[in-house]
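The values are calculated or read from the model by the stated rules, or taken from the named source; none is laboratory data. Here the structure is a predicted model, which is why all the values come from computation and not from measurement. Here Cβ is always computed from backbone atoms with ideal geometry, including for glycine, and neighbour counts include all displayed protein chains. With ligands, DNA and RNA removed, areas are computed over all heavy atoms of the protein, side chains included. Shrake-Rupley method; radii C 1.70, N 1.55, O 1.52, S 1.80 Å.
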Amino acid sequence: MEATRSAEQEVIAIDDARITAAKASDIATFDAIYAQEFKLITQTGLVRTKQDQIRDYGAGTLRYGPFELLEREVRIYSSFALVWSRERSVILLPDGQDVGGDRRITRVYVNRDGRWQLISAHASSVQSL
């Protein structure tokens, strides 16, 4: 009999699946992970929706290059989970501009009908002092 995964393990697995989907531009996985009301606030203050993410990854407008997860902490609060991470990545626009970099990201997941969905994310650039 397989042991039941903890909520924290489930959220980590979904967060890992999100990373894999971004690298592969897997819009079907994005569609399953991102809630309809998903909003991303980028490190430049741009607001992006689920539809923006699916459209741009699917069209190749956004492409993941090298990715490194430096830190990740997960906290479960009943039907919500907070994920704080530090990531270093290359995310390329069609003109070759890299909009990734060294970032700290806060993600909010909600558990609906037994499955975790991403509803919000906020990214901040890490600045050297």
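Numbers for the structure displayed
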{"quantity": "Solvent exposure of the chain as accessible area per residue, Å², 1.4 Å probe", "calculated": "57 Å²"}
{"quantity": "Highest-MSF residue in the chain out of SER78, SER89, SER25 [GNM, Cα springs under 10 Å]", "calculated": "SER78"}
{"quantity": "Under 12 Å, Cβ to Cβ, from LEU40 - net charge with Lys/Arg +1 and Asp/Glu -1", "calculated": "+3"}
{"quantity": "Mean separation of Cα contacts under 8 Å, 6 or more apart, over the residue count of the range 13-129: relative contact order %", "calculated": "24 percent"}
{"quantity": "Calculated Cα Rg over 2.2 N^0.38 Å (choose from (1) 1.25; (2) 1.05; (3) 1.00), label", "calculated": "(2)"}
{"quantity": "With every protein chain in place, the chain: carbon and sulfur % of accessible area (1.4 Å)", "calculated": "52 percent"}
{"quantity": "Relative contact order of the range 1-62, pairs being alpha-carbon contacts under 8 Å that are 6 or more residues apart, as %", "calculated": "26 percent"}
{"quantity": "Positive minus negative residues near ILE105 (Lys, Arg vs Asp, Glu; Cβ under 15 Å)", "calculated": "+3"}
{"quantity": "Most mobile listed residue (ALA17, ALA59, ALA81) in the chain, GNM with C-alpha springs under 10 Å", "calculated": "ALA59"}
{"quantity": "Surrounding net charge for ARG72, when Lys and Arg each add one and Asp and Glu each subtract one, Cβ distance under 9 Å", "calculated": "-3"}
{"quantity": "Loop sites in the range 1-105: chymotrypsin sites (Phe, Trp or Tyr not before Pro), DSSP, at most 12 other Cβ within 10 Å", "calculated": "none"}
